[in-house]
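Have a look at the structure below, then the notes.
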Amino acid sequence: MLFNLLMLAGGLALLTLGADFLVRGAISFANRLGMPPLLIGLTVVGFGTSMPELLVSLQAALAGSPAIAVGNVVGSNTANILLILGVSAAISPIAARIPNLKRDMTMMLAAALIMLGLGYWGIVSFWLGLAMFALLAAYLAWVTRTDRRCLTTEEAELVVKLKGWKEALYIVGGLAGLIFGASLLIDAATAIAREFGISEAVIGLTIVAVGTSLPELATSVVAAFRRHADIALGNVIGSNIFNILGILSLTAIVVPVPVETSMATFDIPFMVVTSLALIALILVAGRISRIVGLAMVAVYTGYVTWLL
């Protein structure tokens, strides 16, 4: 048991460090190619911080544990809203000051509803995965076309260039850390699930989901301490879109992913409800206060407690 816990911790650490290294190296490479910072933020950083979810979901599906793959995506989206935004708002209230926020929240809700439909369908097939990825590509193209503007402070920070050898080291080392970390995490999580008699779906919805969301959590908490908590809102919305339309779609393109009935009837609808609640809160109040943030964390704690 102790060995499995150490493997779990080691896997989470490698995933977090690997994602950070990969993003740094990829940003430098993108700058070398002359990509605009906005596109780097949407694609390189978006996919980079979602790489732990992608590799964990892929390895879980290939290893015959699709419940972990789906639970990872659904659980990450729920944790992003209730845990990450909740913690960020508790540190510093979040104001909705992001350009085109309504457009992005609409896309996040559309992705959540697609996930709901997939749950009732019972499987994410190759063609459904391809269609979802095409929708993501179209959305990114639309955002890139409509969001041409002056650099914000956060986008200016994406203009980074490393020396060639260091850039290669960051990219290769980051990928290696992600691959090895994902393998350790899946092996440890499935072993713990079997030892305690907990379903793989619950493990995916809780431990794996929170673990693969650590890059987003770290980014959001740092932003909140710097009084830029609104960045956390953008990170969460973008990550939730990527998780369903990018992570799950790419996993399904490699291997069809069945969806358990228990997730289709409770966990996915719960994720949709949290997405709707977030959108309603932003549209009505225009901000997430400290009290609301603490309430969100309390709801997430209750949800996880109920699952376990």
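Taken together, the values in this text are just the output of simple stated rules run on the coordinates, not laboratory data. Keep in mind that what you see is a predicted model, and the values were worked out from it rather than measured. Neighbour counts are summed over all protein chains in view; Cβ atoms, including those assigned to glycine, are modelled from backbone coordinates with ideal geometry.
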Quiz prompt | All-pairs Cα distance distribution in the chain, expressed in whole percent, bin size 10 Å | solution = 7, 28, 38, 23, 4, 0
Quiz prompt | Where trypsin sites (Lys or Arg not before Pro) fall in DSSP loop in the range 96-137, at most 14 other Cβ within 10 Å | solution = R97
Exercise. Using a 10 Å cut-off on Cβ atoms, rank the peptides 166-178, 282-294 from the highest mean neighbour count down.
Key: 166-178, 282-294
Practice problem: Kindly rank 205-213, 119-127 from highest to lowest mean number of other beta carbons found within 10 Å of each residue. | Solution: 205-213, 119-127
Quiz prompt | Nearest-0.05 FRET efficiency for V172 and T301, computed from C-beta distance (R0 45 Å) | solution = 0.70
